[in-house]
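Asker: Please find one structure pasted underneath; my questions will follow.
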Amino acid sequence: MIDPVKESYIRFQGSTFHMAREDSAAYERYRAMNPGEDLLRKWDEEILEGLFEKLWEDEDIVWNKHNSIIKVLNRRHVDLNYWVSHLLDEMEKMTELDKRNKIIIIETMSGRNSKEDKGGVHLICLYTDLEARMVKVMNDLKNFFCDDYDNLNEIGWNNIIDRHLCAVNDYVRVYKKYGKLNLSTL
């Protein structure tokens, strides 16, 4: 029999905010159980395994799975060097994605739609020994050309050149704030 608290935790990818908002009974069971660090580590590892397994299922939304992985890792219940290394392995392949995916992934690394201390740069620079590898992966990922022909007929994507530039500038700004390497160029 599946533990209902674990099932809810995994269904909401560990987000107690979403659990409380969308299923208050599940949230109350979670709070009453008060799972310890060992249980949260196991559950987050299970979430991460599922996210990595499904990462490339639909190349149009790789950015979404990447974002979810960063959120789980930011809870810091798991072995960060192991899981971030796995993420960087996958990110090395992301240079082949479309420009939209790559831009959102760069934004996520900077702390897209949240505080910069929730992004991948902050996490990797402060809590792992993988900063130099991240810089190499990000340099490969962010170096591509956009022009007006790349604009999409969607809100937020009608000027892809500016969005790409803003994403790269945010990444550089956040890296300079949290990075420890003395790099002349990013």
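Asker: From the list Val78, Val72, which one is surrounded by 14 or more Cβ atoms within 10 Å (Cβ to Cβ) and either of a type in the set (Lys, Arg) or not in a helix (DSSP H, G or I) (or both)? First the steps, then the outcome.
Answerer: On the way: Val72 fails: either of a type in the set (Lys, Arg) or not in a helix (DSSP H, G or I) (or both).
It is Val78.
Asker: Still on this model: Quick one: which residue in Glu92, Glu45 is open to solvent by 70 Å² or more (accessible area, probe 1.4 Å) and either more than 22 Å from Met109 (Cβ to Cβ) or not hydrophobic (A, V, I, L, M, F, W, C) (or both)?
Answerer: On the way: Glu45 fails: open to solvent by 70 Å² or more (accessible area, probe 1.4 Å).
Answer to the check: Glu92.
Asker: Could you check, for segment 28-41, whether at least one of its residues is assigned to a helix (DSSP H, G or I), closer than 27 Å to Arg173 by Cβ, open to solvent by 20 Å² or more (accessible area, probe 1.4 Å) and not polar (S, T, N, Q)?
Answerer: No.
Asker: Any idea which of (1) modelled with pLDDT of 95 or more; (2) among the basic types (Lys, Arg); (3) surrounded by 14 or more Cβ atoms within 10 Å (Cβ to Cβ) is the one Lys118 doesn't satisfy?
Answerer: (1)
Asker: Still on this structure, I have one more. I'm checking my understanding of the structure. Among residues of segment 95-115 that are among the charged types (D, E, K, R) and not in a helix (DSSP H, G or I), which one is surrounded by the fewest Cβ atoms within 10 Å (Cβ to Cβ)?
Answerer: Kept after step one, since they are among the charged types (D, E, K, R), are these residues of segment 95-115: 96, 98-100, 102, 107, 112, 115.
Okay, now just the ones that are also not in a helix (DSSP H, G or I), so 98, 112, 115.
Numbers: Asp98: 13, Arg112: 20, Lys115: 8.
In this case the residue turns out to be Lys115.
Asker: Out of segment 131-186, which residues are among the charged types (D, E, K, R), in a helix (DSSP H, G or I), open to solvent by 60 Å² or more (accessible area, probe 1.4 Å) and over 22 Å from His86 (Cα atoms)?
Answerer: If the condition is that a residue be among the charged types (D, E, K, R), in a helix (DSSP H, G or I), open to solvent by 60 Å² or more (accessible area, probe 1.4 Å) and over 22 Å from His86 (Cα atoms), then Asp148, Asp162, Asp170, Arg173, Lys176, Lys177 are the ones that fit.
Asker: Could I ask something else about it? Residues in segment 108-116: is at least one of a type in the set (Val, Ile, Thr), within 10 Å of the chain's Cα centre (by Cα) and within 16 Å of Leu141 (Cβ to Cβ)? Break it down into steps so the answer makes sense when it comes.
Answerer: In the first step, residues of segment 108-116 are kept if they are of a type in the set (Val, Ile, Thr); the result is 108.
After this cut, where a residue has to be within 10 Å of the chain's Cα centre (by Cα) as well, the list is 108.
Filter once more, so that each one left must be within 16 Å of Leu141 (Cβ to Cβ): 108.
Yes - at least one qualifying residue is present in segment 108-116.
Asker: Select from segment 1-27 the residues that are more than 19 Å from Asn64 (Cβ to Cβ) and part of a loop (DSSP other than H, G, I, E, B) and list them in ascending order.
Answerer: The answer is Met1, Ile2, Asp3, Asp23.
Asker: Turning to a different aspect of this structure: So is Ile47 in contact with a Lys or Arg (Cβ under 9 Å, 6 or more places away or on another chain), of a type in the set (A, V, I, L, M, F, W, C) and part of a helix (DSSP H, G or I) or not?
Answerer: Working: in contact with a Lys or Arg (Cβ under 9 Å, 6 or more places away or on another chain): no; of a type in the set (A, V, I, L, M, F, W, C): yes; part of a helix (DSSP H, G or I): yes.
So Ile47 does not fit the description; no.
The values are calculated or read from the model by the stated rules, or taken from the named source; none is laboratory data. For clarity, every value in this text was computed on a predicted model and none was experimentally measured. Cβ: placed from backbone, ideal geometry, glycine included. Neighbour counts: every protein chain shown. In case anyone asks, the SASA skips ligands and DNA or RNA and just uses the protein heavy atoms, side chains included. Shrake-Rupley method; radii C 1.70, N 1.55, O 1.52, S 1.80 Å.
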